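Data first, discussion second: the structure below is written as structure tokens.
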Amino acid sequence: MPRPVVALAGGVGAARFLEGLVQVVPPEEITAIVNTGDDRDFFGLRVCPDLDIVTYTLAGIVNRETGWGFRDDSFHCIDALGRLRDDTWFALGDRDLATHIQRSARLREGATLSRVTAEIAEAFGVAVELLPMTEELAPTRVVRRDGSVADFEEYLVRDGAPADVREVDLSAAARAAPAPGLLEALEAAETLLICPSNPVVSIGTILAIPGVRARLEARRSAVAISPIIGGRPVKGPADRLLPSLGVEVSALGVAELYRTLASGIVIDRADAALAPEIEALGLAVRIEDTLMRDSKIAANLAAAALALAGTRA
Ligand code: FO1
């Protein structure tokens, strides 16, 4: 059964927003369509960072300092592995590894990523439906000015997210089939939300999946929350990736990217002066505290987004 509230989601920003959303909408009424462009195999294990970040956050066990991984995890396994090989730059914690082992085992048994994701969410007590954008591996690649190409996690973590990005290559997502039920979920949703995630490598990836952008543009009713505050991303490399699309790093730049699919956008108080220009693009604007320092602020933000959508009391 399609759920009434559908949110497009990336990693940490989306997870914090969803933590707020479940306080104002029953989790059983929410589907989060999650970016899997960051997914990658490490040592034969399938790691899905954004699915894990959202799962762990909603389960209340995420490391709140980093926003990813388990709280109080240890790193004995990856440290030991570092003695055997020299590509252990991705910090997979000992408890976190259990998730990747289980996911990989189930995929090898023939289960789909959607199925495994649902099983893991259930095991963690997460009632929000988490839908990977596709069942296929559809890696986002970052092309640097020197012509070198890296997977997203290689660019972000291994190479430290340098600013010399020439292009973000979403062609794998553009070739991937949407996960079963995804397009139907977008069509049936009463409320469509775009979480405060990176517009290029989180939301842009989901929009690149065939049929997704068209479904959202046909309705043009989504409400977005700007992930940019005062000209800077709250977290992550959006300031180094938006310029590659010729987009200004500001709430106005985000609004321009979403203008054909959104009817409204929530921006931070720090960006209030941009409201008239955003409204001139045809978007309704709501000004709120968008830095989600705690779950109460996140709940207020979610309530504001729903009010702007105007679809729920
Ligand atoms: N981010 C880092 O900056 N360094 C890491 O070593 C790292 C490990 C990691 C392990 C599991 C996981 O689910 C996420 C992890 N992340 C790490 C976060 C992740 O790479 C990014 O925040 C997301 O891909 C962006 O949405």
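Give the ranking of M292, M1 by solvent-accessible surface, highest area first, calculated with a 1.4 Å probe.
Greatest to least solvent exposure: M1, M292.
If you plug each phi of segment 146-161 into the Karplus form 6.51 cos²θ - 1.76 cosθ + 1.60 with θ = phi - 60°, what whole-Hz ³J(HN,Hα) values come out, in order, with x for Gly and Pro?
7, x, 6, 10, 9, 5, 4, 5, 5, 4, 6, 9, 5, 9, x, 6
At a probe radius of 1.4 Å, what is the per-residue accessible area of D268, in Å² to the nearest 10?
Estimated to the nearest 10 Å², D268 gives 20 Å².
May I ask for the angle, rounded to the nearest 10°, between helix 49-59 and the longest principal axis of the chain, with both axes built from Cα atoms and the value confined to 0 to 90°?
80 degrees
Percent of accessible area on the chain owned by carbon and sulfur, 1.4 Å probe?
Taking all protein chains in place, the chain shows 50 percent carbon and sulfur surface.
May I ask which residue of G236, I209, T36 lies farthest towards the positive end of the charge dipole of the chain, with charges of +1 (Lys, Arg) and -1 (Asp, Glu) on Cβ and the Cα centre as origin?
I209
In degrees between 0 and 90, to the nearest 10, how far off the longest principal axis of the chain does helix 94-108 point, with axes built from Cα atoms?
Helix 94-108 and the main axis of the chain meet at about 90 degrees.
For V149 and S295, compute 0.36 nm times the residue count separating them, minus their Cα-Cα distance, and round to one decimal in nm.
This chain segment gains 48.8 nm when fully extended.
Choose one answer from D96, D146, D52: the residue with the largest mean-square fluctuation in a GNM of the chain with alpha-carbon springs under 10 Å.
Among D96, D146, D52, the largest GNM mean-square fluctuation belongs to D146.
Name the residue farthest towards the positive end of the dipole of the chain from the options A150, A161, G264, assuming +1 on Cβ of Lys and Arg, -1 on Cβ of Asp and Glu, about the Cα centre.
Ranked along the dipole, the leading option is G264.
Mind checking the per residue accessible area of segment 1-141 for me, 1.4 Å probe, whole number of Å²?
On a per-residue basis, 42 Å².
Answer with one residue from W68, I78, A98: the one whose Cα lies farthest towards the positive end of the charge dipole of the chain, charges on Cβ with Lys, Arg +1 and Asp, Glu -1.
The residue sitting farthest along the positive end of the dipole is W68.
Averaging sequence separations of C-alpha pairs under 8 Å and six or more residues apart, then dividing by the length of the chain, give the relative contact order as a whole percent.
The value is 21 percent.
May I ask you to rank H100, H76 by accessible area, largest first, using a 1.4 Å probe over the protein chains only?
So the residues, ranked largest to smallest area, are H76, H100.
Please report, in debye to the nearest 20, how large the charge dipole of the chain is about its Cα centre when each Lys and Arg carries +1 at its beta carbon and each Asp and Glu carries -1 there.
For the chain, the charge dipole is close to 260 debye.
Dipole magnitude of segment 208-299 about its Cα centre, charges +1 at Lys/Arg Cβ and -1 at Asp/Glu Cβ only, in debye to the nearest 20?
360 debye
Report, to the nearest 10°, how far helix 12-24 tilts away from the longest principal axis of the Cα atoms in the chain, using its own Cα long axis and a range of 0 to 90°.
60 degrees
Taking the Cα centre as origin and putting +1 on Lys and Arg beta-carbons and -1 on Asp and Glu beta-carbons, what dipole magnitude results for segment 100-223, to the nearest 20 debye?
Charge dipole, segment 100-223, about its Cα centre: 180 debye, nearest 20.
With a 1.4 Å probe and all protein chains in place, put E136, E153 in order of accessible area, largest first.
Ranking E136, E153 by accessible area, largest first, yields E136, E153.
The values are calculated or read from the model by the stated rules, or taken from the named source; none is laboratory data. Since we're looking at a predicted model, the values are computed, not measured. Because the Cβ atoms are built from the backbone with ideal geometry, glycine has one as well, and the counts that use them run over all protein chains shown. Calculation scope for accessible area: heavy atoms of the full protein, side chains included, ligands and nucleic acids excluded. Shrake-Rupley method; radii C 1.70, N 1.55, O 1.52, S 1.80 Å.
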